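What follows is a single structure, written as structure tokens, with notes after it.
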Amino acid sequence: MTDKNQKKDIAEFSFEEAIAGLTDIVDGIEQGQTPLQDSLDQYERGMALIKHCRTILQQAEQRIEKITQEQGDEKD
């Protein structure tokens, strides 16, 4: 993850940016070269990214349900 994305507010991330950030965090922690405190900080950021991704996915699901419902209403 670039330094720019490290400083970017998670709420501004697209789904794809958040997934890329999670991938970077996991890769870094799995390499085992990160000091414990940094690993904990990255883990905390990763959890925030996961929460953000879940929110985006829930919004997408609600939108799909709404579209599906509207399409069903038009057929009646």
Is it the case that Ile25 is modelled with pLDDT of 90 or more, surrounded by 11 or more Cβ atoms within 10 Å (Cβ to Cβ) and not aromatic (Phe, Trp, Tyr)?
yes
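So, Thr34, is that one hydroxyl-bearing (Ser, Thr, Tyr) and either at pLDDT 90 or above or loosely packed, with under 10 Cβ neighbours inside 10 Å (or both) or not?
no
Ala20 - would you say it is surrounded by 14 or more Cβ atoms within 10 Å (Cβ to Cβ) and either under 22 Å from the mean Cα position of the chain (by Cα) or among the aliphatic types (A, V, I, L, M) (or both)?
So Ala20 passes the test.
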If you check every pair at least six apart or on different chains, which have Cβ atoms under 9 Å apart with a residue in the stretch 50-76 that is of a type in the set (Val, Ile, Thr) first and a residue that is surrounded by 10 or more Cβ atoms within 10 Å (Cβ to Cβ) second?
Ile50/Ala18; Ile50/Leu22; Ile56/Phe13; Ile56/Ser14; Ile56/Phe15; Ile56/Ala18
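The values are calculated or read from the model by the stated rules, or taken from the named source; none is laboratory data. Just so it is clear, the structure is predicted and the values come from calculations on it, not from any experiment. We place every Cβ from the backbone using ideal geometry, glycine too, and count neighbours over all the protein chains shown.
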